[in-house]
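Student: Attaching a single structure in structure tokens format; questions to follow.
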Amino acid sequence: MAVMNEDYRQHYRTWIGFTRFIKIGLASVIILLILLAYFLL
């Protein structure tokens with residue numbers, strides 16, 4: 001049970017890091033598109 005709990009905890013940390021990476025990437029793409037639209041118009 002302890003090994004399963006530790007494995008689950010590690011998976012949870014990995015998933016939180018992955019979702020944080022996705023959020024940062026998505027925000028940077030949106031900001032980039034806004035800046036491109038601002039400079040092109």
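Read-outs: derived from the displayed coordinates by stated rules, not from any lab. Keep in mind that what you see is a predicted model, and the values were worked out from it rather than measured.
Student: Per residue of the stretch 28-41, in order, report the coupling 6.51 cos²θ - 1.76 cosθ + 1.60 (Karplus, θ = phi - 60°) as ³J(HN,Hα) in whole Hz, putting x for Gly and Pro.
Tutor: Ordered by residue, 3J(HN,Hα) equals 5, 5, 5, 4, 4, 5, 5, 5, 4, 5, 5, 7, 7, 9 Hz.
Student: Do the sum for the chain: with -39,500 (n - 2.57) for every DSSP H run of n ≥ 4, divided by all residues, what is the mean residue ellipticity at 222 nm, to the nearest 500 deg cm²/dmol?
Tutor: Helix contribution divided over all residues of the chain: -35000 deg cm²/dmol.
Student: Divide, for the chain, the radius of gyration over alpha carbons by 2.2 N^0.38 Å, where N is the residue count.
Tutor: Relative to the 2.2 N^0.38 Å estimate, the chain comes out at 1.98.
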